[in-house]
Ligand SMILES: *Cc1c(COP(=O)(O)O)cnc(C)c1O
């Protein structure tokens, strides 16, 4: 059963004020986003940098709202790279992702990307050659080696999406780490500077598991550095802080996480830690507001069809969950025909697509739901619009509203 979500005042007001034919719409509460980001920032100790993983939601307004609270952005494609660099010329970027093309690397070099997260031996060689072939010689290009380190069994089980700790296309196998460090320290690639280690191993972990993962990455990296007699300057322990879609009011325990990271930096003087969350920063600020088009009873169950669907908000379909939502009753009814109404029990909320997969939330406690009522889906600020298959069935695109109170963008 779907959990009801509490709306922020800005979102509630706009969801009710928009005319029906301007729905569905994505509503982003930038005030709530800034408050949340400020809270996350304040929970992090010194020597811990916060990067935002742009792939969670790369809307320019979102990136801008986050800017005062983050130290930089993690980008994972040439497209994200150009987009974020243009929006924030001065902010540090870390360029990650498997399968970087030569053209993407060249553009990253041209744009002066501050950190490359290198994912394979082949990529390291390509990067070294592309740096060497540039006419402008000068500062060395900074590299972090992305490693697919082993994950503790508990972390693997707790994780919704494991990018590491088992066979995956991401990062370097740990057995290759020593060879890669040698290449970067024995003068083979003088144009590259090894800054440290990067690992993004799992998504959906709560603070205690995240801390255990961070500790094991740092321990592993410091042993690697010690074997080669080099200082360990930077470790990026990735993102993946959990967002609990069944408990929309819960939050990742940033205070406990920050306290744990403080212990970790205290144990490693001179080390700069970095985290790069996406989902847990922006999921809470986004809402997908829509209107009930029809309500029907089918084989013993109630269904409501809403404007839009999973082609706009694919998250519940990809993650296999019910998107938390709030119902806003609308009493005005402009039509001569009577409203269709749910009489029975919980209502399953489906979209307009002609596929049984187009379900946003099952068995929502919304007795009495009527055509014309509004429904607002929560936790739609990350991996929502930007992962959706917008063109399927050629329905119109949603509206986008960036709410900031008086001075709305
Ligand atoms: C996707 C991704 C992130 C962000 O993950 P979240 O689960 O959104 O926090 C961080 N780093 C890398 C390398 C990623 O691929």
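Candidates 60, 67, 56: the one that is modelled with pLDDT of 95 or more and within 14 Å of the ligand (Cβ to nearest atom) is 56.
Listed here are the residues, each with its yes/no results for (1) in the same structural domain as residue 117 (by TED's automatic domain parsing); (2) farther than 26 Å from residue 126 by Cβ; (3) surrounded by 22 or more Cβ atoms within 10 Å (Cβ to Cβ).
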residue	(1), (2), (3)
169	yes, no, no
173	yes, no, no
186	yes, no, no
192	yes, no, no
196	yes, no, yes
202	yes, yes, yes
217	yes, no, yes
222	yes, yes, no
229	yes, yes, no
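Restricting the search to helices (runs of 4 or more DSSP H) fully inside region 1-87 and requiring at least 3 residues that are within 18 Å of the chain's Cα centre (by Cα) and in the same structural domain as residue 100 (by TED's automatic domain parsing) gives 60-66, 78-87.
All of 263, 279, 339, 274 fail the test of being surrounded by fewer than 18 Cβ atoms within 10 Å (Cβ to Cβ), modelled with pLDDT of 95 or more and under 30 Å from residue 40 (Cα atoms), apart from 263.
Matching residues to (1) under 30 Å from residue 346 (Cα atoms); (2) crowded, with 18+ Cβ neighbours inside 10 Å:
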site	(1), (2)
6	yes, no
10	yes, yes
23	yes, yes
28	yes, yes
31	no, no
80	no, yes
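The requirement of being within 16 Å of the ligand (Cβ to nearest atom), closer than 24 Å to residue 385 by Cβ, in contact (Cβ under 8 Å) with a residue 12 or more places away in the chain and under 23 Å from the mean Cα position of the chain (by Cα) is not satisfied by residue 114.
Residues of region 328-342 that are under 38 Å from the mean Cα position of the chain (by Cα) and either in the same structural domain as residue 243 (by TED's automatic domain parsing) or over 15 Å from residue 20 (Cα atoms) (or both): 340, 341, 342.
If you go through region 398-409 and keep only what is part of a loop (DSSP other than H, G, I, E, B) and surrounded by 14 or more Cβ atoms within 10 Å (Cβ to Cβ), you end up with 398, 404. Residue 147 falls short on exactly one of the conditions (1) under 25 Å from the mean Cα position of the chain (by Cα); (2) within 28 Å of residue 111 (Cα to Cα); (3) loosely packed, with under 13 Cβ neighbours inside 10 Å, and that condition is (3). Considering the conditions (1) modelled with pLDDT under 95; (2) out of contact with any helix residue (DSSP H, G or I) (no Cβ under 9 Å at 6 or more places or on another chain); (3) away from the ligand (no atom under 14 Å from the Cβ); (4) farther than 30 Å from residue 250 by Cα, residue 186 is excluded by exactly one of them, (1).
Results for (1) in the same structural domain as residue 13 (by TED's automatic domain parsing); (2) at negative phi; (3) within 17 Å of the chain's Cα centre (by Cα), shown as yes or no for each residue.
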| site | (1), (2), (3) |
| --- | --- |
| 260 | no, yes, no |
| 264 | no, yes, no |
| 268 | no, yes, no |
| 297 | yes, yes, no |
| 301 | yes, yes, no |
| 305 | yes, yes, no |
| 310 | yes, yes, no |
| 314 | yes, yes, yes |
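Exactly one residue among 153, 157 is within 23 Å of residue 319 (Cα to Cα) and over 23 Å from the mean Cα position of the chain (by Cα), and that residue is 153. I'd like to check something: does region 143-156 contain any residue that is out of contact with any strand residue (DSSP E or B) (no Cβ under 8 Å at 6 or more places or on another chain), away from the ligand (no atom under 14 Å from the Cβ), in the same structural domain as residue 73 (by TED's automatic domain parsing) and part of a helix (DSSP H, G or I)? There is at least one residue in region 143-156 that is out of contact with any strand residue (DSSP E or B) (no Cβ under 8 Å at 6 or more places or on another chain), away from the ligand (no atom under 14 Å from the Cβ), in the same structural domain as residue 73 (by TED's automatic domain parsing) and part of a helix (DSSP H, G or I).
Among residues that are within 15 Å of the ligand (Cβ to nearest atom), in contact with a strand residue (DSSP E or B) (Cβ under 8 Å, 6 or more places away or on another chain) and in the same structural domain as residue 256 (by TED's automatic domain parsing), residue 94 is included. Screening region 231-243 for residues that are closer than 16 Å to residue 198 by Cβ and more than 10 Å from the ligand (Cβ to nearest atom) and picking the one that is surrounded by the most Cβ atoms within 10 Å (Cβ to Cβ) gives 235.
The values are calculated or read from the model by the stated rules, or taken from the named source; none is laboratory data. This one's a predicted model, so the numbers in the text were calculated from it and none came from an experiment. FYI the Cβ positions are ideal-geometry reconstructions off the backbone, even for glycines, and counts take in every protein chain you see.
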